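First up is the structure itself, then whatever we jot down about it.
The values are calculated or read from the model by the stated rules, or taken from the named source; none is laboratory data. Since this is a predicted model, take the numbers as computed values, not measurements. Backbone-built Cβ (ideal geometry, glycine too); neighbour counts: all protein chains shown.
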Amino acid sequence: MSDELRRNLALFPIGIVQKLTELTPRQIRYYEQHQLIQPARTAGNQRLFSFNDVERLLEIKKLIDQGLNMAGIKKMMGDQAVPTELPVTEKAQEEAQKVKDLTDQELHDLLKKELILRGRPGMPGSLIQGELSRFFH
DNA sequence: ATTCTTACA
DNA sequence: TGTAAGTA
């Protein structure tokens, strides 16, 4: 499976994303309203976020902390968020299910690994730089 | 127990 | 943004 697809798999419910990003569910939903992210939905209408969504939220958080408003953030990130793909395959749904049994430590390590993986090719990924330090505790 | 939408101090 | 209400 391609990394691109893997990063877009709908795996995390909002509660986990809250822990991973330190953002409140209120904020996360608000950013979705402003089309900064487009998480997938389960049959029961519950949001499922992908690694890409989480990483995007970390960037948003960074910009918010720097005092930008929605307009400013949209301008910085471009306001076209790629919709997270639904866990259509049986395999994908199993992965999403596994996530629920991971400890907070395991979840943070998983995200850290993802951030490092992404930060490879390019230079000091504008976002990755600061956010990454938080996972090196 | 979690999450969702809507509405308002 | 926080939070309460009523659901799913």
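This table checks each residue for (1) more than 20 Å from A:Gly119 (Cβ to Cβ); (2) within 12 Å of DNA strand C (Cβ to nearest atom).
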| site | (1), (2) |
| --- | --- |
| A:Leu5 | no, no |
| A:Leu20 | no, no |
| A:Leu36 | yes, yes |
| A:Pro39 | yes, no |
| A:Leu48 | yes, no |
| A:Glu59 | no, no |
| A:Ala71 | yes, no |
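Residues in region A:23-45 that are surrounded by fewer than 12 Cβ atoms within 10 Å (Cβ to Cβ) and either in a helix (DSSP H, G or I) or modelled with pLDDT under 95 (or both): A:Arg26, A:Gln33, A:Ala43, A:Gly44.
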